[in-house]
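The values are calculated or read from the model by the stated rules, or taken from the named source; none is laboratory data. Note that the structure is a prediction, hence the values are computed from the model and not measured. Here Cβ is always computed from backbone atoms with ideal geometry, including for glycine, and neighbour counts include all displayed protein chains.
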Amino acid sequence: MNATATLLFVLAPLPYDIAALEPYISEQTLHYHHDKHLAGYVNKLNELIVGTPFEGMTLEQIIGQADGPIFNNAAQVWNHEFYFNQFSPTPTKEPKGELKRAIEDSFGGVEALKEKLTKESLNLFGSGWVWLAADDNGKLHIISTSNAGTPLTEGLHPLLAIDVWEHAYYIDHRNARADGIKSFWEVLDWDIVSNRYNK
Ligand code: MN
């Protein structure tokens, strides 16, 4: 590796203890999901960008310009950091303020929104993500993306992300994706989601 030209990505640590989301998301799941899958995307991305024009760019810049394997690995790094950062062992269970009003306007309330996001997650075929995202006017959208897809490429601002890849739930729930999503809601911190909306 060229020591004079390396501005590479590092694995962002989890913002909570690896066992802190038990029993909803197990330590073993986080060990594989964060320390193996996300670390793998970070390492692969670094390997792919060394010596290319992407070296030294931010993740967002790479996502906006790359395609193929470089896009896939960069987007998966961004998506997973965003995903892991939305959980808390002591989550706030309800949205607040502006976001709460926007959810009431668009979906009728938080329970209806959760039902819609859950249904979308169960209907997504194969690997991908389900997102709540806002447009530039603050209007809320539910969108699904396949594989490494991200709302960033559609000009939307992600607020919450449900990882519907099997690796997100298979250790804890085997094939029962619905149980994985039930657990997701137990540790999602709506304060974090509300703060993302306020930005
Ligand atoms: Mn994942």
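What to note about this one:
- Taken over the stretch 139-187, residues that are farther than 26 Å from Ile62 by Cα and in a loop (DSSP other than H, G, I, E, B) amount to 5.
- Test: residue in the stretch 62-74 that is in a loop (DSSP other than H, G, I, E, B), modelled with pLDDT of 95 or more and within 16 Å of the ligand (Cβ to nearest atom): no
- Of the residues making up the stretch 75-97, those that are assigned to a strand (DSSP E or B) and at positive phi number 0.
- For the stretch 147-172, the tally of residues that are in contact with a helix residue (DSSP H, G or I) (Cβ under 7 Å, 6 or more places away or on another chain), more than 11 Å from the ligand (Cβ to nearest atom) and closer than 17 Å to Tyr197 by Cβ stands at 4.
- Restricting attention to the stretch 101-132, the residues being touching a Ser or Thr at 6+ places or on another chain (Cβ under 9 Å) and either outside the structural domain of Thr150 (by TED's automatic domain parsing) or farther than 15 Å from Leu159 by Cα (or both) number 8.
- Residue pairs meeting the criteria (Cβ under 7 Å; at least 6 apart or on separate chains; first surrounded by fewer than 16 Cβ atoms within 10 Å (Cβ to Cβ), in the stretch 26-46; second outside any helix (DSSP H, G or I) and of a type in the set (Gly, Ala, Ser)): Glu27/Ala19
- Looking at Asp135, Asp163, just one residue is buried (at least 19 other Cβ atoms within 10 Å of the Cβ) and assigned by TED's automatic domain parsing to the domain that holds Ile192, and that residue is Asp163.
- Among residues of the stretch 29-76, those that are of a type in the set (D, E, K, R) and within 21 Å of Pro151 (Cβ to Cβ), counted: 2
- Pro91 vs. criteria surrounded by fewer than 16 Cβ atoms within 10 Å (Cβ to Cβ) and not basic (Lys, Arg): no
- Filtering Lys114, Lys100 for residues that are closer than 17 Å to Ser144 by Cβ, in a helix (DSSP H, G or I) and either within 16 Å of the ligand (Cβ to nearest atom) or not aromatic (Phe, Trp, Tyr) (or both) leaves a single hit, Lys114.
- The lone exception for Thr145 - which of (1) buried (at least 19 other Cβ atoms within 10 Å of the Cβ); (2) in contact with a Leu (Cβ under 8 Å, 6 or more places away or on another chain); (3) free of Cβ contacts under 8 Å to residues at least 24 places away in the same chain; (4) among the β-branched types (Val, Ile, Thr) it fails: (2)
- Taking the stretch 105-142 as the range and being in contact (Cβ under 8 Å) with a residue 12 or more places away in the chain and among the aliphatic types (A, V, I, L, M) as the test, the residues that pass are Val110, Leu113, Leu117, Leu122, Leu124, Val130, Leu132, Ala133, Ala134, Leu140, Ile142.
- Qualifying residue in the stretch 101-108 (condition: aromatic (Phe, Trp, Tyr), buried (at least 18 other Cβ atoms within 10 Å of the Cβ) and over 15 Å from the mean Cα position of the chain (by Cα)): yes
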